[in-house]
Every structure is written in structure tokens, then in C-alpha cells.
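Okay, so here's the structure we're looking at.
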Number of protein chains: 2
Amino acid sequence: MMKSSQIRDGWFTELSEKNFPGQGLSLKVEEVLYHSKSEFQDVLVFKSSTYGNVLVLDGIIQATERDEFAYQEMIAHIPLYAHKKPRNVLVIGGGDGGVLREVVKHSCVESATLVEIDEMVIKLAKKYLPRMASSFDHPKIQVKLCDGFQFLRDTALRGQRYDVIITDSSDPEGPAEAFFQKEYFELLHNALNDDGIVIAQASENVWLNIKYIQDLMCTVRSVFPRSQYCYTTVPTYTSGQLGLVVCSKSSSTDLIYPIRKPTDEEQSKLLYYNTRIHSASFVLPTWAKLTIDGEQK
Amino acid sequence: MMKSSQIRDGWFTELSEKNFPGQGLSLKVEEVLYHSKSEFQDVLVFKSSTYGNVLVLDGIIQATERDEFAYQEMIAHIPLYAHKKPRNVLVIGGGDGGVLREVVKHSCVESATLVEIDEMVIKLAKKYLPRMASSFDHPKIQVKLCDGFQFLRDTALRGQRYDVIITDSSDPEGPAEAFFQKEYFELLHNALNDDGIVIAQASENVWLNIKYIQDLMCTVRSVFPRSQYCYTTVPTYTSGQLGLVVCSKSSSTDLIYPIRKPTDEEQSKLLYYNTRIHSASFVLPTWAKLTIDGEQK
């Protein structure tokens with residue numbers, strides 16, 4: 001029997017009896033670069049034969065060097081280009097640095113704060129995923145090593161507000177469990193400026209557990225006046241795609257058609273994102289749209 | 001070492017050192033329903049624990065009951081709704097019957113001809129994939145058991161023409177190898193009416209082998225005045241998506257914005273396809289669009 005996180009005969013296989021029973025993606029391992037338990041989670045880094053270095057947390061693939069840009073660019077640029085002028089950005093989770101790298105591509109961003117609970121992830125990303133971790137020394141970036149939930153509570157006390165918040169958590173097991181509940185989205189709502197936008201990885205996609213996404217959308221719609229589901233394609237995420245939930249504090253914000261477009265200079269640095277794929281990522285198969293949005297056939 | 005087509009410890013793993021080295025999708029097997037070599041290929045049918053029955057040809061997953069509609073609907077309805085009035089439709093390959101099931105949903109279609117080289121696939125689909133094979137007895141459908149290439153040559157001699165041709169072949173190894181070469185697309189071009197449209201599965205996607213897609217698009221663009229790459233998401237295809245190549249004999253056909261829309265009655269029978277996802281399926285990540293279409297950054 002294959003077990004979660006197992007490397008056998010030179011292959012790593014990602015399995016989860018709870019979240020995606022009966023299916024598993026395998027990547028061929030050239031070399032295990034690091035494997036240990038941090039204070040918070042099981043951390044594995046290996047060199048794969050065809051996807052570059054791979055970061056695995058609690059048995060789930062978080063990023064590979066070959067396809068990471070698909071996730072990092074979409075979770076960062078969808079809210080940032082949907083916002084008229086994002087100045088202050090908060091990233092919760094994302095210790096690999098990939099989202100930060102994308103955020104500071106926006107010249108209007110004045111400050112980007114990363115809140116990561118597990119310093120080990122930052123250290124390992126700097127060592128083994130250097131292209132993702134390339135922006136930690138950028139002058140606009142600050143790093144806070146603490147729990148995202150607690151940081152948001154303190155933010156409320158300080159009266160601090162952000163234009164865009166990006167929740168780049170791991171899946172809702174282990175340290176990230178609370179990041180998918182109503183109280184969390186209420187804290188996010190409170191931490192946004194009036195025209196602020198938040199995006200969170202949904203940890204699922206329409207093929208795997210659409211009921212979960214339906215429930216998550218109900219939760220966020222009870223907090224935000226406007227919320228939409230979209231997705232990005234990533235071959236090493238389960239089923240090849242990952243859902244994203246994007247919400248705005250103002251009901252007049254258009255999430256689907258971005259208010260800003262990349263300049264030629266900005267676009268030349270983007271491998272995945274463009275204005276057309278921003279909008280296309282919100283278009284769902286019929287059954288998924290009906291389930292999530294409850295529209296009549 | 002895992003090998004192609006291997007079932008081990010109750011899991012089937014799809015591997016191809018040539019086409020997708022270093023990665024593999026595994027599905028948990030409840031029961032092997034059929035495994036044998038037909039005259040043309042290795043044929044496996046198994047009951048999976050979470051994707052229903054699964055058809056595997058030469059070690060590659062062709063269809064699972066849970067997600068097959070994503071492929072069948074998109075490869076059928078993209079050309080059919082892009083055509084003003086498709087009357088005569090040819091399906092090459094597709095012995096599982098899934099594409100035929102979609103084709104006869106269009107009331108304007110008067111005749112749908114299936115050309116399948118391997119009768120075993122049809123027999124097994126009727127037995128183990130009954131929802132896919134549900135339309136073989138439909139009065140508009142004819143089945144020809146022969147080689148698609150030879151059928152097209154004979155079609156040219158007979159001067160027969162089709163409005164839409166759908167190439168639902170397996171991948172370019174084994175019996176389907178010739179279905180990805182220029183001579184094949186020239187035969188397709190000759191077999192189309194002047195406003196005809198052809199669609200073929202590209203056997204690859206942008207994540208896996210974009211150079212192959214680039215070459216394939218060069219080939220079809222040397223034959224057809226208008227050709228576009230699009231894709232559908234299918235969790236049990238490698239990397240979770242499959243490319244489709246759609247070409248029109250007339251330069252004035254709009255492939256991206258369909259000329260017809262499903263009636264309410266038609267839409268109620270479609271799980272995946274809708275007019276918006278038709279257009280969105282042509283929108284590519286920046287690096288893929290630049291590579292395939294050669295546009296300036």
C-alpha cells in the first residue's frame with residue numbers, strides 16, 4: 001500500500017485518503033534534499049527528475065520550480081490588477097516567497113508584509129527554491145514570523161488596513177485549518193480598506209470537492225458583498241488545477257474585468273498572467289457554475 | 001520501478017517515459033474488468049474506487065465515467081456550435097461512443113458516421129461504459145469498422161464531404177500515429193465542405209510538450225486558413241488538461257465566438273459546455289500563447 005508522503009522505488013507519491021481518495025500524483029525523485037519535521041509540519045524538499053526542486057508540506061506538493069509561476073502569478077495579480085491602486089499588501093503564508101516576488105512587480109505597491117508561521121519554510125526556500133525566494137531582501141518587503149490569525153487580530157487592534165490581502169496558506173489541515181472558516185474571513189474584511197480585495201487559495205477544485213467550494217463560497221458571501229471563484233492550472237496540484245476565492249469589500253469592484261492592465265514592461269515579466277486569462281479564469285464548466293452560484297439551468 | 005500500465009498493490013499508474021517522463025497519475029483499482037490485447041492495442045478496463053469505470057489503451061487513460069463529459073462535450077460542441085448548420089458529421093476514432101452521444105444532441109445533425117479501427121473498443125464501451133456508448137443505436141448514426149486514414153482516402157475518391165469532422169484518436173503511438181501528420185490534415189481538408197470545421201485532440205497540453213503543439217499548429221496552419229489551439233480540463237488526463245486543435249476551411253469562420261448558442265433545452269443536457277467556456281478555452285497563459293502563436297511580447 002502507498003502511504004502519504006511516501007517515497008518508494010525513487011518516486012514520491014502524493015496521496016490523501018481524506019481530500020482526494022483513490023488518486024495520486026507521482027513525481028520521480030532524483031535526490032532528497034531535506035526531510036524533517038519543523039515545529040509545525042512535515043517538510044520535504046526533493047529534486048525531481050523533470051519538475052526541478054519540489055517543496056512538500058505534510059505530504060502535499062506546495063510548489064515545483066517548473067510550474068510554480070502559474071499559481072504565484074494568478075493569486076497575486078488577479079487582486080492586484082483588479083485594484084485601482086494597491087499600496088499596502090499583506091501576504092499570509094507563502095513563506096516560499098513566490099507571491100512576494102510577484103507583488104513587488106507592481107511599482108504602485110509601497111509595502112508588502114509577509115506573515116509566515118514557519119521560519120523553516122523561508123529558510124528552505126532561500127536555499128532550494130532561490131527563484132521563488134528572490135525578493136526577500138527587497139526594500140518594500142517586511143517579514144513577520146507569527147500566526148496569521150493572531151496577526152490579523154492585532155491588526156484590528158492597531159486599526160491597520162491593507163489594499164490587498166493574499167492568503168497563500170497550505171491546505172486546511174495542520175497549521176492552516178482555521179484559514180477556511182468564517183471568523184478568518186471576518187478578520188480579513190476588517191483588515192481591508194474600503195476598496196480592498198482579498199484572495200485565498202480554496203485548497204480544492206471543482207473536480208475534487210465541489211461541495212466544499214460551494215460551502216466556502218457561502219461562507220465568504222456572508223461576509224463580503226462580492227465574492228467569486230476562479231482557478232489556475234498547475235500540473236502538479238491535484239487534478240491539475242487549484243481554486244481561488246476572491247472577495248471585495250466594496251460592491252462596486254469588478255473582480256472579473258481588471259481595472260488596471262499590465263504595462264508592456266510589466267507584461268514582459270509575466271509568464272502566465274495576462275488580462276484575458278484573468279477574466280477567463282472565472283469562467284466555469286456548466287455543472288460547476290450551477291453548483292457554486294446556484295443559477296437556474 | 002513502476003512500469004507503464006502496471007497495476008501494483010491495487011493501484012493503476014499511468015507512465016510514459018517518452019511522453020511525460022518523471023510523472024505519473026495513479027488511480028485506485030477496485031476490480032480489473034477486462035485486460036487483453038486486441039488486434040491493434042493493449043486494452044484494459046478497470047473499476048476504480050473513485051472515478052467509476054476506466055478505459056485504458058496502450059497504458060494511457062482514455063476515459064473515466066466521472067470526468068469523461070469534459071472531453072466529449074468540448075471536442076464535440078466547439079466545432080458544432082462554431083458551424084452555422086452542421087448536417088453531416090464524421091467522427092474518426094472515438095469507439096467508446098462518447099463523442100457520438102454529444103453529436104446527436106444537435107437536432108440539425110442529419111447523419112453522424114463513426115470510423116473506428118478497433119471493434120473491441122466499441123464492444124467494451126457498450127458493456128462497461130454504457131453511458132458513453134448510449135447512442136450507438138441512434139437512427140442518425142452509422143459505424144464503419146476501418147482505418148480512419150483509409151476511410152478519408154476513399155471519401156476523397158467518392159467526393160463525399162462533411163460539415164464537421166472530429167478526430168477522437170488515441171495518442172500518436174500505436175494505431176493513431178499517422179493522425180498527427182500533414183498528410184492526415186490534408187485528407188481532412190479535402191473531406192470538408194467549404195464552410196467545414198475539423199477538431200482533433202492534440203495528445204499533449206502546453207505544460208507537457210509545448211514544442212510538439214507548436215509544431216502541430218505549424219502543420220495545420222500550412223493546410224487550413226484558420227487554426228486555433230484550445231483545451232479542456234480533465235483531471236485524469238496527464239497534467240489535468242488536454243489540448244484540442246480546431247481548424248476551418250473558410251477563413252471567415254469564427255472559431256472562438258460560436259455562431260450558434262445552445263437552446264435552453266440543449267443547454268439543460270450539457271454538464272460542461274456553455275458559450276462562455278467555449279471562448280475561454282482558447283485563452284492561454286502568456287508563455288503558451290507566445291510560443292504557439294509567435295506573438296511579440
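Key figures for this structure:
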| quantity | calculated |
| --- | --- |
| Neighbour net charge for A:K249 - beta-carbon separation under 11 angstrom, K R +1, D E -1 | -1 |
| GNM top mover of B:N193, B:N88, B:N19 - chain B, alpha-carbon springs below 10 Å | B:N19 |
| Inter-site label distance for B:D137 and A:V143 at 7 Å from Cα along Cβ, in nm | 6.7 nm |
| Qualifying aspartates and glutamates (Cα of each under 15 Å from Cα of A:K123; at least 8 residues distant if same chain) | A:E39, A:D42, A:D96, A:D137 |
| Choice from B:S239, B:S134, B:S38 with maximal GNM fluctuation in chain B (Cα, 10 Å cutoff) | B:S38 |
| Shape category assigned to segment B:181-297 from the gyration tensor of Cα positions, a/c cut at 1.5 | oblate |
| Entries of A:K84/A:K211; A:K84/A:K249; A:K144/A:K269; B:K37/B:K182 with Cα pairs more than 22 Å apart | A:K84/A:K211; A:K144/A:K269; B:K37/B:K182 |
| For B:V143, residues with placed amide H under 5 Å, excluding near neighbours | B:L114 |
| ³J(HN,Hα), Karplus 6.51/-1.76/1.60, whole Hz, each residue of segment A:267-282, x for Gly, Pro | 4, 5, 9, 10, 8, 10, 5, 8, 4, 5, 6, 3, 5, 5, 5, 8 |
| Cα-Cα P(r), segment B:7-64, percent of pairs per 5 Å interval | 4, 19, 30, 25, 15, 6, 0 |
| Segment B:118-264 shape via C-alpha gyration tensor axes, a/c threshold 1.5 | rounded |
| Distant-in-sequence amide H partners of A:D42 (H built 1.01 Å from N, under 5 Å) | A:D58 |
| Enclosed volume per residue, in Å³, of the convex hull spanned by Cα atoms of chain B | 122 Å³ |
| Residues A:I7 and A:E110, FRET efficiency given R0 of 45 Å [Cβ-Cβ distance, rounded to 0.05] | 0.55 |
| Difference of contour (0.36 nm per residue) and Cα-Cα distance, A:K269 to A:N193 | 24.5 nm |
| For the B-to-A rotation axis, chain B residue with nearest beta carbon and its distance in angstrom | B:G240, 1 |
| Approximate spin-label separation A:S252-A:R276, in nm, with each point projected 7 Å along Cα-to-Cβ | 3.1 nm |
| For segment B:218-226, Karplus couplings with θ = phi - 60° (6.51, -1.76, 1.60), whole Hz, Gly/Pro x | 4, 4, 5, 6, 7, 10, 10, x, 9 |
| Teacher prompt: A:G10 distances to equivalent labels in other copies, 7 Å Cα→Cβ, nm | 2.7 |
| Karplus-derived 3J(HN,Hα), 6.51/-1.76/1.60, for each residue of segment A:285-292, Hz, glycine and proline x | x, 3, 4, 5, 4, 4, 5, 7 |
| Environment charge at A:P258 (Cβ cut-off 15 Å; Lys +1, Arg +1, Asp -1, Glu -1) | +1 |
| Position B:E183, label points 7 Å along Cα→Cβ, spacing to each other copy in nm (shortest first, one decimal) | 7.0 |
| Surrounding net charge for B:V220, when Lys and Arg each add one and Asp and Glu each subtract one, Cβ distance under 11 Å | +1 |
| Value at 222 nm in deg cm²/dmol, rounded to 500, when DSSP H runs of n ≥ 4 in chain A each add -39,500 (n - 2.57) | -7500 deg cm²/dmol |
| Shortest-first distances to equivalent copies, position B:C108, nm, label 7 Å out along Cβ | 4.4 |
| GNM result for chain A, Cα springs below 10 Å: residue of A:L255, A:L44, A:L145 fluctuating most strongly | A:L145 |
| Label-point separation in nm, B:D215 to B:R87, each point 7 Å along Cα→Cβ | 4.0 nm |
| Whole-angstrom gap from segment B:261-289 to segment A:198-223, using each part's C-alpha centre | 22 Å |
| Amide H contacts of A:Y34 (H built 1.01 Å from N, under 5 Å, at least 5 apart or other chain) | A:V45 |
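No value in this document is a laboratory result; all are computed from the given coordinates. This is a predicted model, so every value here is computed, not measured. Note that each Cβ is placed from the backbone with ideal geometry, even for glycine, and that neighbours are counted across all protein chains shown.
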